[in-house]
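A short write-up of the structure that comes next.
Bear in mind that the values in this text are calculations on the coordinates, not laboratory data. Only a predicted model underlies this, so the values are computations on that prediction, with no experimental measurement involved. Please note: Cβ atoms are built from the backbone with ideal geometry, for glycine as well, and neighbour counts cover all protein chains shown.
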Amino acid sequence: MTKQFGFLMDTSLCVECQACRVACQMQNQLPHNRTLIRFRFQETGSYPAVTNHITRITCMHCQLAPCVKICPTGALVKGENTLTYLAPERCSGCGYCAQICPFKVPQALDNRSYKCMACRELVEEGKEPVCVSTCIANALKFGERAELLKSAEKRVAALQKTFPNAQIYGREQMGGLGMLLILRDDPAVYGLPVAPRAAGELAFWKDSLQPTGFKLVGAALLATGASYAIASRNHRRELSEE
Amino acid sequence: MYKGERMVLRFSRGQRVAHWALAVSFFVLLFSGLTLMIPSLAPLAKGGVARMIHRVFAVVFMLVPVYYALADRKGLQALITESFRYDRDDLLWLLRMPRYFFGRVKGMPPQGRLNAGEKIHHALIILTFITISLTGLVLWFGKGNLSQNEFLGMVMLHDIAMYIMVILTIGHLYFTFVYGALQGMVTGYVNEKYAALEHAKWLASIKAEKTADGKLPQSKSA
Ligand code: HEM
Ligand code: SF4
Ligand code: SF4
Ligand code: SF4
């Protein structure tokens with residue numbers, strides 16, 4: 001049995017220090033103007049009763065990940081722990097993942113895709129991803145998804161006393177997200193899609209159209225290959241009949 | 001095969017250049033495109049090389065009709081009109097296509113400069129050419145800003161046009177080699193006997209031109 005691993009971000013604790021972003025850039029040796037973690041801020045209410053809502057725009061590690069399905073090179077794969085890994089050395093930079101991701105996470109720049117690599121080496125050694133271990137506010141956790149869900153439920157129950165709309169995001173979306181978020185308000189307030197989805201044409205294209213196309217090409221090769229000797233003999237015979 | 005026969009001009013220089021430019025760019029586009037599609041070829045596509053090659057040759061590919069129009073406008077017009085106009089002999093020819101597939105020309109209805117199979121081939125190439133170019137351009141300039149549905153629609157149409165073109169090309173190569181027709185597209189000239197056998201109506205029409213002004217303008221001795 002594979003165990004689902006994942007992240008839990010308590011957005012109510014994030015102080016927006018961006019330490020995770022910098023740590024991630026260093027871990028993955030990214031140029032200073034490239035990042036795998038972006039932030040989105042939203043203000044609700046009016047002064048002086050303002051609430052700030054912060055969330056990270058980073059891979060949500062969808063269980064049913066359309067980016068993995070669409071990636072034509074195998075650069076995007078699911079780990080046994082169900083995290084979505086990216087191997088940039090296989091990437092052609094086609095940007096299909098950026099087009100299909102319902103969260104608009106991957107960025108196709110410099111002929112490759114930029115998205116969270118899930119700190120593959122660390123995680124497979126049993127360590128925490130660097131964004132998690134760097135977080136000074138304890139807003140990020142990493143671990144077995146089932147356990148993260150349990151602790152998220154407790155925290156949400158406490159938050160609901162002050163924020164009645166507080167909730168967990170990612171329980172069911174895209175088959176269940178590996179990046180669970182604790183929100184103080186509705187997902188829409190954070191700019192998160194309530195019902196993210198990948199268009200059904202994706203499955204049709206990959207599972208029906210493509211195999212059918214290749215089969216038809218194969219059939220054409222077979223039919224012409226098998227008839228070639230007979231047909232050219234017939235033709236030569238007709239010519240010599242003159 | 002056809003020794004000591006007179007040769008007649010079937011393809012002008014412009015037509016031959018256009019044909020080979022299209023053929024070369026098609027195969028480069030196909031192989032660079034396939035590396036973007038088949039995981040085992042992915043190492044060839046890494047770092048965007050294949051995508052660059054695909055774009056360069058897409059430009060060559062799309063310029064071929066422009067070149068053709070400049071080099072031989074009448075030829076291009078004839079190609080388009082002939083490809084979409086079918087007479088009774090053409091329909092009969094298509095019904096008897098299985099014979100032709102197996103190398104038998106005798107008993108096939110007489111054909112013009114293009115036989116009905118070639119007409120269908122050209123007609124489909126024209127339609128898929130337009131489809132693959134338009135969808136390719138949308139992907140080129142729009143990728144990143146398309147909705148999921150727009151994007152998937154474009155790649156699927158691009159793929160469908162590609163499959164049709166590949167299958168047409170397999171058939172095209174098959175007939176070329178069964179009927180030894182490669183020479184015609186290389187030199188432009190075909191043997192008069194071949195023309196009589198495969199394109200009787202066309203040969204008759206150029207012979208009619210000959211009687212009008214005294215000599216056969218499009219011929220030379222082999
Ligand atoms: C005017 C002509 C064409 C243009 C502008 C064009 C453009 C494109 C573009 C932009 C892509 C997306 C991949 C990328 O970002 O690099 C693509 C993919 C592709 N193209 Fe083309 N293309 C053209 C013609 C062709 C032709 C003639 C073929 C072959 C018959 C072809 C086969 C492919 C294939 C196989 C893919 C991969 C798409 C997939 O995964 O389904 N293209 N093309
Ligand atoms: S959030 Fe986007 S990039 Fe991450 S797994 Fe889901 S589809 Fe893929
Ligand atoms: S950009 Fe890279 S990771 Fe994204 S779909 Fe293309 S090959 Fe896969
Ligand atoms: S898990 Fe690793 S790669 Fe992903 S955002 Fe965190 S630090 Fe970056």
Which residues qualify? For residue B:86, with a placed amide H closer than 5 Å and at least 5 residues away or on another chain, they are none
Find, among the chymotrypsin sites (Phe, Trp or Tyr not before Pro) in region B:1-106, those assigned to loop by DSSP (not H, G, I, E, B) with at most 15 other beta-carbon atoms within 10 angstrom. B:84, B:86, B:102
Compute, for region B:6-221, the length of the dipole vector about the Cα centre, with Cβ point charges of +1 (Lys, Arg) and -1 (Asp, Glu) only. Units Debye, rounded to 20. 620
Report, ordered by chain and residue number, the lysines lying within cross-link reach of residue A:161, taken as a straight Cα distance under 21 Å and ignoring same-chain residues fewer than 8 apart. A:150
The alpha-carbon center of region B:167-191 and that of region A:207-242 are separated, in whole Å, by 14
Net charge around residue B:126, counting only other residues with Cβ within less than 15 Å of its Cβ (Lys, Arg = +1; Asp, Glu = -1)? 0
Charge-dipole axis of the protein assembly as shown as Lys and Arg at +1 and Asp and Glu at -1 on Cβ define it, positive-most pick from B:121, A:205, B:165: B:121
So which lysines can residue B:119 reach, going by Cα to Cα under 19 Å and dropping same-chain residues fewer than 8 places off? B:74, B:201
With a 4.7 Å Cβ cut-off, tell me which Cys residues in chain A come up empty for a partner. A:14, A:17, A:24, A:62, A:71, A:91, A:94, A:101, A:119, A:135
Evaluate the charge dipole of the protein assembly as shown about its Cα centre and quote only its size in Debye, nearest 20, assuming +1 on the Cβ of each Lys and Arg and -1 on the Cβ of each Asp and Glu. 980
Where does the charge balance sit around residue A:205 when Lys and Arg score +1, Asp and Glu -1, over other residues with C-beta under 12 Å from its C-beta? -1
Sum of -39500 (n - 2.57) over DSSP H runs of 4+, divided by residues of the protein assembly as shown (222 nm, nearest 500): -16000 deg cm²/dmol
Only Cα pairs under 8 Å and at least 6 apart count here; give the relative contact order of chain B as a rounded whole percent. 33
Sequence-separation-based contact order of chain A, relative, with Cα cut under 8 Å and 6+ spacing, percent: 25
